[in-house]
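The values are calculated or read from the model by the stated rules, or taken from the named source; none is laboratory data. Small disclaimer: the values here were computed from a predicted structure and weren't measured. Heads up, the Cβs are rebuilt from the backbone with ideal geometry, glycines too, and the neighbour counts pull from every protein chain shown.
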Amino acid sequence: MTQSSKFDAILAINPEAKFTTAENESGEEIVTWLEGTTPISEADISAKQAELETANAHIAPRKKAYDALGGWQEQLDMMYKDQVDGTTTWQDAIAKIKSDNPKS
């Protein structure tokens, strides 16, 4: 599972926030608040990161499964063949990917 960044968490909490992030020497992500933006506590940022990770846990496995279908070009070809042949191969494949990797 990909760890959600502080950047994403901050914007999820306050889409109008003005800030920068940078890594210090030990690899810790440091936030600098700009233009009078009220700082958000580290605890609130961490909680939002965990929430985003849980909410987005389905994305990486779905992407891998979609790629296994051969990429978007292959999927377009599957759709065309389904249209011509009256089949639902593509629709069935996508439904399986979604059911195997449900949203939270």
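Might you check whether a residue that is free of Cβ contacts under 8 Å to residues at least 12 places away in the same chain and of a type in the set (Val, Ile, Thr) occurs anywhere in the range 7-27? No, the range 7-27 has no match at all.
Could you say which residue among LYS81, LYS63, LYS103 is modelled with pLDDT under 90 and at negative phi?
Testing whether each residue is modelled with pLDDT under 90 and at negative phi leaves just LYS103.
Scanning the range 14-46 for residues that are aliphatic (A, V, I, L, M) and exposed (fewer than 13 other Cβ atoms within 10 Å of the Cβ) turns up ALA22, ILE30, LEU34, ALA43.
If you go through the range 11-31 and keep only what is among the β-branched types (Val, Ile, Thr) and touching a Phe, Trp or Tyr at 6+ places or on another chain (Cβ under 6 Å), you end up with THR21, VAL31.
Residues that are among the aliphatic types (A, V, I, L, M) and surrounded by 11 or more Cβ atoms within 10 Å (Cβ to Cβ) within the range 66-104 comprise ALA68, LEU69, LEU76, MET78, MET79, ALA93, ILE94, ALA95, ILE97, listed in sequence order.
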